Structures are given as C-alpha cells and as structure tokens.
Amino acid sequence: MPMLRPVRRGILGGTFDPPHLAHLFAGEAAYRDLDLDVVTFIPAGAPWQKATRHVTSAEHRWQMTLLAVEGVPYFEADDREVRREGWTYTIETLHSFPDEEELFLVLGADAARGVPTWHESGEILRRVTIAVVPRPGIERGEVDAAISRGRVVWLDTPDVRLSGTMLRRQARSGRSIRFLVRDSVWRYIEAKQIYGPG
C-alpha cells in the first residue's frame, strides 16, 4: 500500500497591517515553486519585535487576512497567533503544527537575514526550510551566511516593492491604496476607516 507523503505546508506570517499583493505573490510563488499542499497565512498577535510601535488591532488584521486569501483553494488564514495570550514567538507557532508536516517558512530576504536574532532561532532552523523572497539591496550571500545552519531555498517572485509601512503612510495621507491590496481588503479598510487620515 503506497505511503501518503506528509503535508507540505508553507507558513507566511506577518503583522499583515494590511495584507497586500506582495504577500499574495509570495504565497503563490511558494505554492508553485515548492510543490506545497497549502500556504497558511498567520497574522501575528502581539509581535515582540514590534513592541515599540502601534499595530492595528488583531481583530482588524485577522479580518483583512481572511479577505485577502478568500477564494484561493490552496491559501488559508489561521488565527492561532491572534488568539494566543502575550507575545507571539515563531517557535511556539511551529510547535503547534504536527511533527510529520514538512514546513516551509516564507520570509522576505530582510527578515530571513535577521532569523539568528529570533527567539530559539536554532530550533526554528531545525524545524523548517526557509523559503526566501528576494528583496532589492539584499544579497543572497548575506542571507545564506546568516542562516548557514539551516535549509534555505530562494523563490522566484516579481519585484513588487510594497510594504505595510508604505501603505499605511499612503492611506493616512489621503492617497488611495486600491489595487495594492485585494479589492475586498480595500473595501474593508475604507468601511472601517482603519488608516484614516490622522
């Protein structure tokens, strides 16, 4: 009787403030390039590395993430971090998935370069393959050197220079972010006035 292969899961975490098209491009590239079964988008609850800045409420970020992945059969939104009390640590999230699953942590090159500074980074690198999205100005060698003790694959993605910081700034200055996020996400932001001028 043939053995079923373990689930191959991409994990794309982040503040998702808001989730934008570059996140979706990264998820799509991971799904195609790595022959994944599913890409799980996990908005952070209380990300400890962003403790010094204001982050939109977890509930709004969760609702936007649900809208961002809607209708894509191999994308899913997962609320395990927004439900968790206290600071959010990646290693705790990874431990919450079944041991037999093959996990791929999808990160921008800037974030991947910083993995050694993360809580229990050695354990993270033992558990996952890091799937890296190239970023302008960050050399592959920098990332490969930073996470030399882990498994690294590079994704082939278009150069989409979007960031949550950029979109929040643009929205707060009264400029449109339509077509930089999915239309349902844009409508939610507008309806709730999440990044209204202020």
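The values are calculated or read from the model by the stated rules, or taken from the named source; none is laboratory data. This structure is a prediction, so every number in the text was calculated from the model and none was measured. Using ideal geometry, Cβ is built from the backbone for each residue, glycine included, and neighbour counts are taken over all protein chains shown. Only protein heavy atoms, including side chains, enter the accessible area calculation; ligands, DNA and RNA are left aside. Shrake-Rupley method; radii C 1.70, N 1.55, O 1.52, S 1.80 Å.
Go through the residues of region 61-81 one by one and say whether even a single one is open to solvent by 40 Å² or more (accessible area, probe 1.4 Å) and under 24 Å from Ile147 (Cα atoms).
Scanning region 61-81 turns up no residue that is open to solvent by 40 Å² or more (accessible area, probe 1.4 Å) and under 24 Å from Ile147 (Cα atoms).
Contact list please: Cβ distance under 7 Å, first residue in region 125-153 and open to solvent by 30 Å² or more (accessible area, probe 1.4 Å), second residue of a type in the set (Ser, Thr, Tyr) and in a loop (DSSP other than H, G, I, E, B), pairs at least six apart or on different chains.
Once the first residue is open to solvent by 30 Å² or more (accessible area, probe 1.4 Å) and sits in region 125-153, its partners that are of a type in the set (Ser, Thr, Tyr) and in a loop (DSSP other than H, G, I, E, B) give Pro134/Thr157.
Could you tell me which numbered condition Asp110 fails, if it satisfies all but one of (1) surrounded by 15 or more Cβ atoms within 10 Å (Cβ to Cβ); (2) part of a loop (DSSP other than H, G, I, E, B); (3) out of contact with any Gly (no Cβ under 6 Å at 6 or more places or on another chain)?
With respect to (1) surrounded by 15 or more Cβ atoms within 10 Å (Cβ to Cβ); (2) part of a loop (DSSP other than H, G, I, E, B); (3) out of contact with any Gly (no Cβ under 6 Å at 6 or more places or on another chain), Asp110 is out only on (2).
Taking Gly164 as the residue in question, decide whether it is in contact with a Ser or Thr (Cβ under 7 Å, 6 or more places away or on another chain), of a type outside the set (Val, Ile, Thr) and under 18 Å from Pro43 (Cα atoms).
Spelling it out, Gly164 is indeed in contact with a Ser or Thr (Cβ under 7 Å, 6 or more places away or on another chain), of a type outside the set (Val, Ile, Thr) and under 18 Å from Pro43 (Cα atoms).
Restricting to region 154-198, name every residue that is in a helix (DSSP H, G or I) and open to solvent by 50 Å² or more (accessible area, probe 1.4 Å).
Thr165, Met166, Arg169, Arg172, Asp183, Arg187, Glu190, Ala191, Lys192
Check off (1) farther than 29 Å from Arg168 by Cα; (2) in contact with a Gly (Cβ under 6 Å, 6 or more places away or on another chain); (3) open to solvent by 40 Å² or more (accessible area, probe 1.4 Å) for Arg84 and give me the number that stays unchecked.
Exception for Arg84: condition (1).
Output the number of the condition that Leu125 fails; it satisfies all remaining conditions of (1) under 30 Å from Ile194 (Cα atoms); (2) at pLDDT 95 or above; (3) of a type outside the set (Gly, Ala, Ser).
Here Leu125 clears every test but (1).
Name the residue, out of Ala58, Ala46, Ala26, that is closer than 19 Å to Ile194 by Cβ, surrounded by 15 or more Cβ atoms within 10 Å (Cβ to Cβ) and touching a strand residue (DSSP E or B) at 6+ places or on another chain (Cβ under 6 Å).
So the residue among Ala58, Ala46, Ala26 that is closer than 19 Å to Ile194 by Cβ, surrounded by 15 or more Cβ atoms within 10 Å (Cβ to Cβ) and touching a strand residue (DSSP E or B) at 6+ places or on another chain (Cβ under 6 Å) is Ala46.
All but one of (1) open to solvent by 20 Å² or more (accessible area, probe 1.4 Å); (2) more than 17 Å from Arg127 (Cα to Cα); (3) modelled with pLDDT of 90 or more hold for Leu4; which doesn't?
With (1) open to solvent by 20 Å² or more (accessible area, probe 1.4 Å); (2) more than 17 Å from Arg127 (Cα to Cα); (3) modelled with pLDDT of 90 or more applied to Leu4, the lone miss is (3).
Of all residues being in a loop (DSSP other than H, G, I, E, B) and in contact with a Gly (Cβ under 9 Å, 6 or more places away or on another chain) in region 131-149, which is nearest to Ile194 (Cα to Cα)? Just the residue, please. Don't jump to the end; show me each part of the working.
Keep residues of region 131-149 that are in a loop (DSSP other than H, G, I, E, B), which gives 134-139, 147-149.
From what's left, in contact with a Gly (Cβ under 9 Å, 6 or more places away or on another chain): 134-135, 138, 149.
On the way: Pro134: 29, Arg135: 28, Ile138: 32, Arg149: 41 Å.
The qualifying residue nearest to Ile194 (Cα to Cα) is Arg135.
May I ask you to list the residues in region 113-124 that are part of a helix (DSSP H, G or I) and open to solvent by 40 Å² or more (accessible area, probe 1.4 Å)?
Selection gives Arg113, Pro116, Thr117, Glu123.
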